[in-house]
Amino acid sequence: MNFKAIARNVGSALLVSAFFMFLSILVSIAHGNDSALAALSISFVLTFICGVFPFIFVRRAPKITLTDGYIIIVLSWLLSFLFGMMPYLLWGGPFSVVNALFESVSGFTTTGATILQSVEALPYSLLFWRSSTNFIGGLGVVVFLLLIISSSNPVKLRLANLELSSLSREIYHVRANKTVLIFSSVYLVLNLLAFLSYWIAGMSPFDAINHAFSVCASGGFSTRNISIASYDSLPISIISIVFMYFASIHFGLLYFTVVTRSLKPLNNPVFRFYNQIILLSVLVITLTLKFGEVGRTWGSALLDSAFHVVSYISTTGLAIADNATWPPLAGIVLMTIILMSGCAGSTAGGIKADRVLIFLKTVQRQIHKVVHPAYVEKVKVGNHLLSEEEVMPHIIFITIYLGMIIISILLCVAFGATVENSIAGTIASMANVGPGIGEIGSFGNYCSQPVMVKLVLSMDMFLGRLEIYPVLAVLAMMFRKTNR
């Protein structure tokens, strides 16, 4: 284990947070030195010192091993959570230690769950910091594994495969360092376009940049108590749908569609499957709202359905209506689709449509083998035939993922949460969606949940964002060292 390499790369992650804390300080000064100036200033100084400290003693970036890479990933996220909670904790108000940690984890993992009963009570600078954690987390989940490693390091490609699924490998015919450029470019362009679109549609520049950070990171943090609903604007709602959808698609698809000026890259089985799930879910919820609520028009049912389906399946969590008042079937559909979530190589959390499609094709193949035992057939996704070695990690991931959900639900119930909140909160946290249904629905919050439940859900957010395997790898390494 190379401690110098680990310290230097983890320090880089902290410097990113320090930079956005500095920007938040500028926002505070621009708004008359608001009440979060001192909290942000202290947090910035501490984060910057801890981030720059390794660079003083480690002048050159040492090469890292795969083991070092896993440790860097896990430590960078954990320390980002801890340093990211400082502005909340020092500002005070509703932020106890656990609440500040919950809000920080939710932001960096782009979950969007909140303990705040009144978001608008926060000063502008703290709102900006809150949205910045979405931006950092959104970019981090796509390219962080690649950015921290020298382009000449052979470990880079192996770590890249943790994020890139079979869909990614089918699309990409470029080196890992080119992938960094593609992902980061698409992400930044989406943020810029979202900001301009919101601004033109009537948002203030401050609200526009905050919501751009939120939708493009699939984060869900808003500057308003009732999210997008507070604007009561059809253009803003449509803009949100469009960018939440784009952020949930594999960035390689978007990149090559634009660069080649062709729709051919979109002729992809995972992309088609993902869109079919969205259309089916919108249809079911539209019919449920239309015939389940008195006085509903077709237009309002369709808009509410489309917005919330895209919001939940993209794991963003923004809202234009209170889904706690919807018929039960609509809530069940929403909680089902967030397990699948967006495509691999996007900012969405959850299991990913890629794995779900591979799982369904594997089940189909197994049924075929039961009927025709002598028939040999491989799982095929597009033009890519998957070997047993390629299929099994996805099946195991889904098994572990669902197992973690069951364990977390039991823990939440044991710690005092209701069964409904335990199920909805756990699924929403593991999938990095944030809002669930009922009390913790689109207009709800997690403030009233027991302290231990918030800690369990924070761990779920962390596991969901890192997709479990890196965390398990580090734990396995620690366990082996303990037993030597």
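The values are calculated or read from the model by the stated rules, or taken from the named source; none is laboratory data. Because the structure is a prediction, the values reported are computed rather than measured. Cβ sites come from the backbone with ideal geometry, for glycine too, and all protein chains shown count toward neighbours. Each accessible area value is taken on the protein alone, full model and side chains, heavy atoms only, with ligands, DNA and RNA left out. Shrake-Rupley method; radii C 1.70, N 1.55, O 1.52, S 1.80 Å.
For the reader, a short list of remarks on this structure follows.
- Count - residues of segment 1-55 that are of a type in the set (S, T, N, Q), touching a Gly at 6+ places or on another chain (Cβ under 9 Å) and closer than 23 Å to THR67 by Cα: 2
- Number of residues in segment 63-99 that are over 19 Å from the mean Cα position of the chain (by Cα), closer than 19 Å to VAL451 by Cβ and part of a helix (DSSP H, G or I) equals 5.
- Residue match in segment 342-349 (condition: crowded, with 24+ Cβ neighbours inside 10 Å, in a loop (DSSP other than H, G, I, E, B), out of contact with any His (no Cβ under 8 Å at 6 or more places or on another chain) and at positive phi): no
- If you go through segment 189-208 and keep only what is open to solvent by 50 Å² or more (accessible area, probe 1.4 Å) and farther than 19 Å from VAL27 by Cβ, you end up with VAL189, LEU193, LEU196, ILE200, GLY202.
- For GLN366, the criteria (1) more than 16 Å from LEU463 (Cα to Cα); (2) buried (at least 24 other Cβ atoms within 10 Å of the Cβ) hold in every case but one, which is (2).
- Test: residue in segment 371-380 that is of a type in the set (D, E, K, R), open to solvent by 60 Å² or more (accessible area, probe 1.4 Å), closer than 24 Å to GLY342 by Cβ and without any contact (Cβ under 8 Å) to a residue 24 or more places away in the chain: yes
- Only listed residue being touching a residue at least 24 places away in the same chain (Cβ under 8 Å) and not in a helix (DSSP H, G or I), chosen from GLY252, GLY219: GLY219
- Filtered residue count, segment 264-303, keeping only those that are surrounded by 15 or more Cβ atoms within 10 Å (Cβ to Cβ) and either touching a Lys or Arg at 6+ places or on another chain (Cβ under 8 Å) or within 13 Å of HIS250 (Cβ to Cβ) (or both): 11
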